[in-house]
Amino acid sequence: MQKTLHVAKSQSLFSRIFGKLKDPRRTNKGYFYYPLEEILFLCISSSLSGFDSWIDIELFGKEKIKWLKKFYPYKNGTPSHDVLGKLFARLDSEQFNQCFIQWVNELVTLFDGEVVAIDGKTARGSAIKGKRKALHIVSAYASKNKISLGQVATSEKSNEITAIPELLDLLAIKSCLVTIDAMGCQKKIAEKIIKKEADYLLMVKENQFDLLEQVRKMFKISPIESSFRNTDFQGGRIEERKCDIVRDLRFFDDKDDWKELKTVVRICSERHMKSENKIQKDTRYYISSSLNDAKYFIEATRNHWSVENNLHWNLDVIFKEDQSLKKIGNSAQNYNIISKIALGLIERETSTKASKPNKRNRAALSDKYREKLLWG
């Protein structure tokens, strides 16, 4: 009984949020032959089960119609691949993204100090030769909750600077630490993050040469407030990292131009490659509004790469986004959201240590397990 109530509550949440999406199709009948909410549920269930092309989703719908009817009427069955392609091409991607963000906000609770990593990824399969470049999608990823929080699509990687503030406007990130690579190290972005009642950790590189020189100077003339060192063993590689932080920024030129700047961070790493008998050394610098210690910052810089390793890599390798043929209209951007919903639900299922591909295979074979992924 309790499980039935939980499923009903989860389904009600899904319907309440995604039921607000405006259907782009026209009808003179006062109803849609294939309701939008049913189509979204079909696509998410298909994606959880490893079926991502329009043709595969059509097949999944036909084979699993009895199971689908446990949750929605599907009075007219499920749509063809042509109907799916045309609908997702026309569906308002911004409104769909807003619904996705609202769904995530109600599904998860962000932790104080949780790293929210922002980074872009080019969906190469979305390009149309001679007509349109591939979409570049900037995403925010909650590292501890392991879920995407939202996205903004641009036509060029260089447009990340303008896309990041747009994305920040959509997010509820109070008390989190927002991490961004060097392209996002901009004064307006830092100010925007502070206005969202969050902290920032921004990488500083040669694209901000004067700023980089100021940060380096701090480590020459100011005392180190906190240090932390760790060692990571992985395969044939040993990596040693040391983090130092400085908070005495009295001699930092133009410090006040960076909203609430409180800390500069230096991370030195050495990678020992056993197979090649090589040592690679690297030093990275950051600025931050947070007053946390060196241990926190060294973990935060590692967690930043979760957006690449846990989100982008999974979309590429497991969901095969770059091989997708969804090119027309808003298809690529909209299905990127479907994939992120499915990936987030897979991440939340922790009763088994199976890999994500194995979880998708199990969902394809087991209606019961698919329901567990959907409703928790």
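The values are calculated or read from the model by the stated rules, or taken from the named source; none is laboratory data. Bear in mind that the values here come from a model prediction, so they are computed numbers and not experimental data. Reconstructed Cβ throughout: ideal geometry from the backbone, glycine too, with neighbour counts over all protein chains shown. Each accessible area value is taken on the protein alone, full model and side chains, heavy atoms only, with ligands, DNA and RNA left out. Shrake-Rupley method; radii C 1.70, N 1.55, O 1.52, S 1.80 Å.
Descriptive notes on the structure:
- Any pair with Cβ under 9 angstrom, 6 or more apart, that starts in segment 85-97 at a residue that is over 18 Å from residue 341 (Cα atoms) and in contact (Cβ under 8 Å) with a residue 60 or more places away in the chain and ends at one that is among the aliphatic types (A, V, I, L, M) and surrounded by 16 or more Cβ atoms within 10 Å (Cβ to Cβ): 87/36; 87/39
- Single condition residue 46 does not satisfy, out of (1) farther than 30 Å from residue 166 by Cα; (2) open to solvent by 30 Å² or more (accessible area, probe 1.4 Å); (3) free of Cβ contacts under 8 Å to residues at least 40 places away in the same chain; (4) under 24 Å from the mean Cα position of the chain (by Cα): (2)
Okay, residues lined up against (1) open to solvent by 10 Å² or more (accessible area, probe 1.4 Å); (2) part of a loop (DSSP other than H, G, I, E, B); (3) closer than 23 Å to residue 104 by Cα:
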position	(1), (2), (3)
4	yes, no, yes
8	yes, no, yes
13	yes, no, yes
17	no, no, yes
38	yes, no, yes
51	yes, yes, yes
61	no, no, no
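- Residue check, residue 74 open to solvent by less than 20 Å² (accessible area, probe 1.4 Å) and part of a loop (DSSP other than H, G, I, E, B): yes
- Exclusive hit being farther than 18 Å from residue 184 by Cα, touching a helix residue (DSSP H, G or I) at 6+ places or on another chain (Cβ under 7 Å) and assigned to a strand (DSSP E or B), set 279, 238, 267: 267
- Cβ pairs under 9 Å, 6+ apart, first in segment 254-277 and more than 20 Å from residue 219 (Cα to Cα), second open to solvent by 90 Å² or more (accessible area, probe 1.4 Å) and not charged (D, E, K, R): 271/279; 272/279; 273/279
- Within segment 184-220, the set of residues being of a type outside the set (Lys, Arg), open to solvent by 50 Å² or more (accessible area, probe 1.4 Å), free of Cβ contacts under 8 Å to residues at least 60 places away in the same chain and assigned to a helix (DSSP H, G or I) comprises 206, 207, 209, 210, 213.
- Answer from 311, 291 - the residue that is in contact (Cβ under 8 Å) with a residue 24 or more places away in the chain and out of contact with any Lys or Arg (no Cβ under 6 Å at 6 or more places or on another chain): 311
- Test result for residue 121, touching a residue at least 12 places away in the same chain (Cβ under 8 Å), more than 24 Å from residue 12 (Cβ to Cβ), part of a loop (DSSP other than H, G, I, E, B) and open to solvent by 10 Å² or more (accessible area, probe 1.4 Å): no
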